[in-house]
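Scroll down for the structure; my scribbles are underneath it.
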Number of protein chains: 2
Amino acid sequence: MSSPPLGAPKGVSSRHGEILSVAADLFWAQGYDATSMSDLAAALGLSKASLYHHIETKESLLFDMSVVVLRRITAAVEAAADSSPEPLERLRAMVREHVVTALDHQTMNATSLTELRALSDEHRVAVTRMRDSYDRMIDEVIAEAQHAGAIRADISSKLLRLALLNLLNWTIFWFRADGDVSPADLADLLTSIFLQGALVASG
Amino acid sequence: MSSPPLGAPKGVSSRHGEILSVAADLFWAQGYDATSMSDLAAALGLSKASLYHHIETKESLLFDMSVVVLRRITAAVEAAADSSPEPLERLRAMVREHVVTALDHQTMNATSLTELRALSDEHRVAVTRMRDSYDRMIDEVIAEAQHAGAIRADISSKLLRLALLNLLNWTIFWFRADGDVSPADLADLLTSIFLQGALVASG
DNA sequence: GTCTATAAAGAGATAGAC
DNA sequence: GTCTATCTCTTTATAGAC
């Protein structure tokens, strides 16, 4: 199967992490299928055969990076969920962590989100399960805020979650780290739109 | 270059339109690079050589479908923009047309949005120009609503447009025509979130 | 307009030497 | 751990008959 990207003894696979990072950049820039193992080997300064000494298959790279980013964003947002007892404050903290963490590993997240169909059946199921679990966590916090009377209840928590993730996730397509808006500022802006809306009357 | 998908005499290239439609479904399901011309030919009930009698290159299919959907959504949203003199009503009508038109040709739109990097340099520039022009149209309507005092002015029209398109565009990743929400209902819901927000206090 | 056959290039992955 | 060389398969695209 695939080697453990996290949880392995320190240093044992720092090389693996570097390979995942470079692969993510290439996969995002050119597409997973359009990136050859020769491209990746060249970007790493290795021959193709040497590259295969460190990894199993091309597909395992895609799977491993999906697991890495999903574990990371789940851990970060779960921690944020524990930051306050107040539902609305929890939601704000989670949105901020989601945006900042997603943009901090932008190419891995973007690749994982858009290249899911390139995974093998088993790997795709595993990644989908992790995503579903993440979605449920968001659903629960939204539902909690609805029960507390803070968030409107005329829309189901599932649809509110879909709208919220719409608002957050498309950002990976256009965000540039060298632009004039920081991830934290962007998170605040998107939170404000989601909660207050764009109307003057409601600001 | 590429044959004219719109504007040609009726019937002359109805075959071309069918090919684009089938290609969009395959490109979206499997990815542009992962879909072979053999796959496409088989889906059309043709041999590969016969398929090449009707088209130029694989890449031209991707370009042509991008032009088709961009022309279509631009025309639909422009018409909606002319539907009312009131800025907020115009915005509502435009959002509805954007969502309904995008979902009406979901696989073409989704493919065009996510496979831009697979286009040749010249084709990519051409598509990007069309998209930029579309974005400017949205910017203008938002700026107009800001000047009319209907939309908050503490966020630039450009950032508001990015947030709005975030909210609308990610929908193509999860929307299912056989689900329990129609495109029109979804458009209303997303418009409501964008304008009023999710807070109870502002509803 | 459709076909069979094929050209020419590149893909993922491996063998085996060092 | 790294390399050169290679295997095998598939790719886009075309030639040329019907």
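Considering every residue within region A:6-19, establish whether at least one is closer than 22 Å to residue B:116 by Cβ, away from chain B (no Cβ under 14 Å), within 16 Å of DNA strand C (Cβ to nearest atom) and touching a residue at least 40 places away in the same chain (Cβ under 8 Å).
No, every residue in region A:6-19 fails to be closer than 22 Å to residue B:116 by Cβ, away from chain B (no Cβ under 14 Å), within 16 Å of DNA strand C (Cβ to nearest atom) and touching a residue at least 40 places away in the same chain (Cβ under 8 Å).
Does residue A:188 fit the bill of being over 30 Å from residue B:116 (Cβ atoms), touching a residue at least 12 places away in the same chain (Cβ under 8 Å) and either in contact with a Gly (Cβ under 6 Å, 6 or more places away or on another chain) or of a type in the set (Asp, Glu) (or both)?
The answer is no for residue A:188.
So is residue A:74 buried (at least 18 other Cβ atoms within 10 Å of the Cβ) and more than 16 Å from DNA strand C (Cβ to nearest atom) or not?
Answer is no for this residue.
Does residue B:118 fit the bill of being within 16 Å of DNA strand C (Cβ to nearest atom), in contact with a helix residue (DSSP H, G or I) (Cβ under 7 Å, 6 or more places away or on another chain), in contact (Cβ under 8 Å) with a residue 60 or more places away in the chain and under 30 Å from residue A:59 (Cα atoms)?
yes
Name the single residue, out of those in region A:169-195 being touching a Leu at 6+ places or on another chain (Cβ under 6 Å) and either hydroxyl-bearing (Ser, Thr, Tyr) or assigned to a helix (DSSP H, G or I) (or both), that is farthest from the other protein chains (Cβ to nearest Cβ).
A:183
Output the number of residues of region A:106-158 satisfying the condition of being surrounded by fewer than 20 Cβ atoms within 10 Å (Cβ to Cβ), not in a helix (DSSP H, G or I) and not small (Gly, Ala, Ser).
Here the count works out to 3.
Matching residues to (1) within 14 Å of another protein chain (Cβ to nearest Cβ); (2) within 16 Å of DNA strand D (Cβ to nearest atom); (3) in contact (Cβ under 8 Å) with a residue 24 or more places away in the chain:
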| site | (1), (2), (3) |
| --- | --- |
| A:24 | no, no, yes |
| A:44 | no, yes, yes |
| A:52 | no, yes, no |
| A:57 | no, yes, no |
| A:67 | no, no, yes |
| A:71 | no, no, yes |
| A:74 | no, no, yes |
| A:81 | no, no, yes |
| A:89 | yes, no, no |
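Return the residue satisfying two criteria in turn: it lies in region B:30-42 and is under 21 Å from residue A:36 (Cα atoms) and more than 9 Å from DNA strand D (Cβ to nearest atom), and of such residues it is surrounded by the most Cβ atoms within 10 Å (Cβ to Cβ).
In this case the residue turns out to be B:31.
Computed from the coordinates by the stated procedures, all read-outs in this text should not be read as laboratory data. On a predicted model such as this, the values are computed, not experimentally measured, just so you know. Positions of Cβ are generated from backbone atoms using ideal geometry, with glycine treated the same way; all protein chains shown enter the neighbour counts.
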